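The values are calculated or read from the model by the stated rules, or taken from the named source; none is laboratory data. Treat the numbers as computed from the prediction; the structure is a model and nothing was measured. Cβ placement follows ideal geometry from the backbone for every residue including glycine, while neighbour counts extend to all protein chains displayed. Note: areas computed on protein heavy atoms with side chains; ligands, DNA, RNA excluded. Shrake-Rupley method; radii C 1.70, N 1.55, O 1.52, S 1.80 Å.
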Amino acid sequence: MKRTQGKVAFVSGAARGQGRSHAVHLAEEGADIIAFDLCADISTNGYELATEEDLAHTVKLVEAEGRRIVAAKVDVRDRVGLEQGLASAVEKLGRLDIVVANAGICPLGAELPVQAFIDAFDVDFVGVVNTVHAAIPHLGDGGSIIATGSLAALMPAGLSSPGGMGYGLAKRMIPNYIRSVAHLLAAKGIRANTIHPTNCNTDMLHSAPMYRMFRDDLDNPTLDDVKDGFASMQAIPTPWVEPSDISSAVVYLASDESRYLTGQEIRIDAGAGLNLGL
């Protein structure tokens, strides 16, 4: 079943994790891919970010599905570079139908400077805005914009560290922004929706700063130390969901099956929202 056949999808943060999964799943369903990623570390972020080698592997996976792909190192905080890179990619592939604003970081740690707040907010919110605004001129009837939020956007208590505050604020602002975009673009037949994942089995979750946030009583907590804490968040007994679980929702929102769904928030959270009374 080729639910995105003949479409071109633009995915930010596509070198690994959720972004790579979205790119590959969309390609499996027939889409050609534009894959952007910073492919560099950010100093306040306490875990390594994706590399050029990671992005090259995404290219190989998409090509293995028989689809075309244009990949580039692009910083979503750089609106001009993003616009230029996207315009070039759209020219090569001929069109743009799907936008997945996925790139994100989560710098954690009370010892971090205010710059961690700036970096998290700039990547996680300004980066989403830049991605969507760069894409809008290329979209037409049937277009779909999908933004990655977070269960953190729905939690009554946010993260108290500078980077955590930036992450939480950004993720809380995304749904309101996307609803406004959805309202403005509905008459053009363009949809916009937000997906909120809970813990997702990616490098962001499996990082020393995240482990320490769940077990701040330990200097160097391991996966075994935090797994029960991860699982306690979800009503369905699992410590995390997989990137492919999020990708299934992305494919649905990208396809014509969801042609009348816009301005919505979808939780892929194994019941974590239920535990929070949402």
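Structure values in brief
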{"read-out": "Accessible surface of the stretch 1-121 [probe 1.4 Å, protein heavy atoms]: carbon and sulfur percent", "value": "49 percent"}
{"read-out": "With every protein chain in place, the stretch 151-227: carbon and sulfur % of accessible area (1.4 Å)", "value": "54 percent"}
{"read-out": "Dipole magnitude of the stretch 42-115 about its Cα centre (Cβ charges: Lys, Arg +1; Asp, Glu -1), debye to nearest 20", "value": "300 debye"}
{"read-out": "Surface per residue (accessible, 1.4 Å probe) for the stretch 5-71, Å²", "value": "37 Å²"}
{"read-out": "Whole-Hz ³J(HN,Hα) from phi, Karplus 6.51 cos²θ - 1.76 cosθ + 1.60, for the stretch 89-97, glycine and proline x", "value": "5, 4, 4, 5, 9, x, 5, 8, 10"}
{"read-out": "256, 216, reordered so the largest accessible area comes first (probe 1.4 Å)", "value": "216, 256"}
{"read-out": "Size of charge dipole - the chain - debye, nearest 20, with Cβ of Lys, Arg +1 and Asp, Glu -1, no other charges", "value": "1040 debye"}
{"read-out": "Rounded accessible area per residue of the stretch 196-278, 1.4 Å, Å²", "value": "51 Å²"}
{"read-out": "Relative contact order [Cα under 8 Å, 6+ residues apart], the chain, whole percent", "value": "19 percent"}
{"read-out": "Accessible area of residue 212 in the full protein assembly, 1.4 Å probe (Å², nearest 10)", "value": "90 Å²"}
{"read-out": "All Cα pairs of the stretch 85-202, percent lying beyond 19 Å", "value": "49 percent"}
{"read-out": "Ellipticity estimate at 222 nm from DSSP helix runs (n ≥ 4, -39,500 (n - 2.57)) divided over the chain, nearest 500", "value": "-12500 deg cm²/dmol"}
{"read-out": "Nearest-ten-degree value, helix 17-28 long axis tilted from longest Cα axis of the chain", "value": "30 degrees"}
{"read-out": "Heavy atoms of residue 265 accessible to a 1.4 Å probe, total area in Å² rounded to 10", "value": "70 Å²"}
{"read-out": "22, 138, reordered so the largest accessible area comes first (probe 1.4 Å)", "value": "138, 22"}
{"read-out": "183, 57, 196, 25, ranked by accessible area, largest first (probe 1.4 Å)", "value": "183, 57, 25, 196"}
{"read-out": "Nearest-ten-degree value, helix 223-232 long axis tilted from longest Cα axis of the chain", "value": "70 degrees"}
{"read-out": "Kirkwood estimate for the chain, i.e. one over the average of 1/r between Cα atoms, Å", "value": "18.6 Å"}
